[in-house]
Amino acid sequence: MVDESIIVIGFVGIVIFFYGLLGIKIIRPHERGVVERLGNFSRIIGPGLQWIFPFFEKVRKVDLREQVADVPPQGVITKDNVVVTVDAVIYYEITDPKSILYNIANFTYAVTKLAQTNLRNIIGEMELDESLTSRERINSQLRQTLDDATDKWGVKVTRVELQRIDPPTDVVEAMHKQMKSERERRAVILEAEGYKTSEILKAEGEKQAKILKAEGERESIRKIAEAQKDQQILLAEGEASAIKDVFQAIHDGNPTNDLLAIKYLEALAKIADGKSNKVFLPLEATKVLGSLGAVGEIFKEIRTETRSSSSEKEEEE
């Protein structure tokens with residue numbers, strides 16, 4: 001009996017041990033565990049070593065890391081009736097493990113179809129050129145729409161990126177031709193503007209050169225005139241100083257009228273010794289001529305006396 005009891009206790013212990021091992025669950029840091037008891041939601045368990053009741057409870061793990069859903073390419077008609085091929089990728093993360101398990105059966109499929117439908121609506125309101133240049137606006141609108149729609153599923157859409165927007169081949173060729181013609185037009189305009197600017201700068205340079213040359217000539221003429229003016233002033237001042245010195249010397253010498261008369265005659269001789277045969281004398285010269293007459297009379301008297309003395313000497317001999 002004792003041996004049978006030991007065997008039973010040992011067996012029960014082994015069963016309990018394995019039963020306990022079956023209830024041990026390990027939850028990773030990026031996961032959450034949704035515990036269901038007999039098919040009903042029980043609780044959510046966090047990361048670490050967790051234990052549940054085996055056979056009565058079941059754990060469904062939910063990954064909370066950011067995930068990617070690929071939106072397959074599809075044809076979308078723009079506002080100006082051009083069919084473009086569009087595909088995108090959706091980045092999302094789960095915020096509520098319970099809602100993602102019980103409120104949606106296949107989240108990836110649902111969010112993909114929802115993205116395709118909204119892409120048709122958003123791009124359908126744009127023309128081709130606008131849709132090709134409005135990627136950021138399309139991404140923002142689509143992300144906001146998907147985020148609002150998936151909120152009840154316990155999911156947050158972090159961002160949406162358009163991978164490509166491909167117009168038809170003939171439209172692409174037409175766009176290339178248009179871009180080429182636009183580049184050629186811009187090149188011609190830039191060349192014309194460059195030539196215009198060059199000519200304007202050249203004309204302004206010539207104008208400025210002429211202005212500078214004229215100003216230089218004017219400054220040179222002014223300098224020459226000032227130099228000539230200064231020269232004439234210096235010559236006049238020199239002559240005035242010389243006349244002043246001569247006059248002062250004559251005044252200091254106190255000359256007689258006879259000496260002045262003789263000097264006047266010498267001056268007249270120099271004046272008459274020229275190409276002109278006419279000499280005009282000022283009215284004031286009559287006084288000097290009167291003095292010259294008196295001097296002439298003196299010279300005659302002296303000559304007469306000289307002759308008389310010579311005759312007397314001859315008679316005595």
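The values are calculated or read from the model by the stated rules, or taken from the named source; none is laboratory data. Since we're looking at a predicted model, the values are computed, not measured. Using ideal geometry, Cβ is built from the backbone for each residue, glycine included, and neighbour counts are taken over all protein chains shown.
Listed residues Glu93, Glu161; which is under 30 Å from Leu49 (Cα atoms), touching a strand residue (DSSP E or B) at 6+ places or on another chain (Cβ under 7 Å) and not β-branched (Val, Ile, Thr)?
Glu93
Any idea which of Glu136, Glu130, Glu199 is part of a helix (DSSP H, G or I) and outside the structural domain of Ile77 (by TED's automatic domain parsing)?
Criteria check complete, one pass: Glu199.
Residues in region 22-45: is at least one in a helix (DSSP H, G or I) and not polar (S, T, N, Q)? Even if it seems obvious, please write down each step before you answer.
Start the filter on region 22-45 by keeping residues that are in a helix (DSSP H, G or I), which leaves 22-23.
If we keep only those that are not polar (S, T, N, Q) too, we end up with 22-23.
Checking region 22-45: at least one residue is in a helix (DSSP H, G or I) and not polar (S, T, N, Q).
Can you name the condition, by its number, that Asp147 falls short on among (1) free of Cβ contacts under 8 Å to residues at least 60 places away in the same chain; (2) more than 26 Å from Arg32 (Cβ to Cβ)?
Asp147 satisfies every listed condition except (2).
State whether the residues of region 35-51 include one that is over 60 Å from the mean Cα position of the chain (by Cα), within 30 Å of Thr117 (Cβ to Cβ) and not small (Gly, Ala, Ser).
The answer is no, given that none of the residues of region 35-51 is over 60 Å from the mean Cα position of the chain (by Cα), within 30 Å of Thr117 (Cβ to Cβ) and not small (Gly, Ala, Ser).
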